[in-house]
1. Hey, any idea what Rg/Rh is for region 39-163, computing Rh the Kirkwood way over Cα pairs?
2. Can you tally the net charge around Ile404? Count Lys and Arg as +1, Asp and Glu as -1, for every other residue whose Cβ sits under 14 Å from the Cβ of Ile404.
3. Note the full-extension length gain between Leu516 and Ala497 as 0.36 nm times their separation in residues minus their Cα-Cα distance, in nm to one decimal.
4. Pop out the carbon and sulfur fraction of the accessible area of the chain as a percent, whole number, probe 1.4 Å.
5. Given points 7 Å out from each Cα along the Cα-Cβ axis, report the Gln388 to Val158 separation in nanometres with one decimal.
6. Lys402 versus Leu439, label points 7 Å from Cα toward the beta carbon: distance in nm?
7. If you take the square roots of the eigenvalues of the alpha-carbon gyration tensor of the chain and sort them as a ≥ b ≥ c, do you get rounded (a/c under 1.5), prolate (a/b over b/c) or oblate?
8. Could you work out how much longer the chain between Asp228 and Phe506 gets when fully extended? Use 0.36 nm per residue separation minus the Cα distance between them, nm to one decimal.
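The values are calculated or read from the model by the stated rules, or taken from the named source; none is laboratory data. Every value quoted in this text rests on a predicted model; they were computed, and no experiment measured them. Neighbour counts are summed over all protein chains in view; Cβ atoms, including those assigned to glycine, are modelled from backbone coordinates with ideal geometry. The protein model used for the area step is the full one, side chains on, heavy atoms only, and it has no ligands, DNA or RNA in it. Shrake-Rupley method; radii C 1.70, N 1.55, O 1.52, S 1.80 Å.
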Amino acid sequence: MNQIQAKSGSRGYVLKCAVVAALAGFLFGFDTIVISGTEQNIQTLWQLNGLMHGLCMSAAIWGTVLGALFGGLPSERYGRRKTLLWIGLLYFVSAVGSGIAPDKYFFMVSRFIGGVGVGVATVASPLYISEISPPKLRGRLAGMFQFNIVFGILVAFVSNFLIAEYVAESVAWRWMLGVEAFPALLYTVLCFGIPESPRWLIVHGGQQEAGKEVFRKINPDLSGSEIDELVESVTASVGDRQTAARFFTMRLKVPILLAILIAAFNQLSGINAILYFAPRLLGLAGIEKELYCAICIGVTNLVFTFVGLWLIDMVGRRTLLYIGSIGYIASLAVCAFCFLTFPAFRVVSCAIDVETTAKQATAINDPESSLTGTEKEQVRKSYADAKQSLMEASSREEYQGKAISIPAGGTTEEVIVLAGTAKKEASSILGSTKFVVLLSIMAFIAAHAIGQGAVIWVFISEIFPNRNRAAGQALGSFTHWLFAATITLAFPIAIRAFDAGVIFAFFCGMMCLQLLWVKLMVPETKGVPLEEIQKKLGIG
């Protein structure tokens, strides 16, 4: 009976530590997605062209790239726990700064700071959880970081929807961004109640007795001799410290390549572009109440993340990547087919561009506008191009609706009315097809949640030796966010230059390559102790 109680207490203690560390993932998800409800307001408020709009949207992600690149340094030097504490403070500063931002530059700096927190979180949190978890539970516990990311995404969608409904439009976007300060403070306080990683204490901190004590707390069912064996195994896994400390060597070529590829493919699926621009993409599909539909996407993400975490220690990491890859390919192919086949989608897209650029063209006449003459000319050109594109799209022979003619001397108010009429007619022509796109996007989200989403942070945290794990996690996170930043920066430009179907087809092609990679290269790490995985990968 005492052994059963000890085992139950052990799991409860480990679970508490894992949940607190994983809350960094909640803030990660909330921080990165909350901007999806504000991006169109920001674009209009500061009259942003495609490039500046992309910079405002991707500022946080470029901060994430920096945080991920250097996140391994504080994790190794000062410990996982102290690093987790500082992450909470970065989130808090970013939320307050973004909410009160007086101009686009202050806004970008504030978002950049939050991005640094996100980047460091993707290194420190999975590291901490994997290092305190027993092998049989490691997949599910480390996967809680991903679950909290998804939960944060859902809460951000719901928060945006509620604030948009009940707060004045002129300040709603500020509240959407600023409300994150409250969970950031709560998370920071909770971090004071968790211990340092025992593996960090032994390998980096030189505190073997302190590490042994933490191992006793999280493994009370193990005997004294078994604890000693575990400590010796952790110590032995380091090997020669001078050799082990070097990272970019042939010795680590397999885990390095695996980390880079799983991170790159994660973003080449298009997941961040689709999540960040979900309301806009749903608008392109002719769906009204885009924020409400975005909540449906968030719920789908949460439910299938649960499924992924339930399966990850049962069927394994490799099987989930197979399932996710096939789901990616099918759902993206359907979206590409719909956008490329039905010209009404193009009319909706062009009409949205006209509405956006018309509002910007109206705003540049404001005496208080801070735009330069060159920037104003760019807005006027974008407006003219958008009107021309709408007239061309609605005049195509395959389009079943009325051809739109926009008078040269028409006011922006008249043009907005014409664009709205065209959008409504095109949406009506699409009929149930637009819901096929919605369902396909939800299927795409489900495939991501059950596959790459559930696996990526668990897998990267498992494949590197103890001495190199922080650097390996940083490499994987850096690669992930470098691709995320590049795609998010390019997306507003690409969505104007290309049909949405072309973009979906590109992502679909990348997922065909991922399926091939999973078959040829990815090993299974389910249920294998961390110190044994390096032997499995041929790391001496």
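1. Values: Rg = 16.4 Å, Rh = 15.8 Å.
Ratio value, two decimals: 1.04.
2. Working: positive: Arg346, Lys387, Arg396, Lys402, Lys423, Lys424; negative: Asp353, Glu355, Glu392, Glu414, Glu425.
Here the charged neighbours net out to +1.
3. Details: separation 19, 0.36 × 19 = 6.84 nm, distance 3.00 nm.
Extra length available between Leu516 and Ala497 comes to 3.8 nm.
4. On the way: 13960 of 21360 Å².
Carbon and sulfur: 65 percent of the exposed surface of the chain.
5. Each label point lies 7 Å from its Cα, and together they span 4.7 nm.
6. Result: 3.2 nm between the two label points.
7. On the way: a/c = 2.37, a/b = 1.90, b/c = 1.25.
Because a/c hits 1.5 or more and a/b exceeds b/c, the chain counts as prolate.
8. Numbers: separation 278, 0.36 × 278 = 100.08 nm, distance 5.25 nm.
94.8 nm is the gain from fully extending Asp228 to Phe506.
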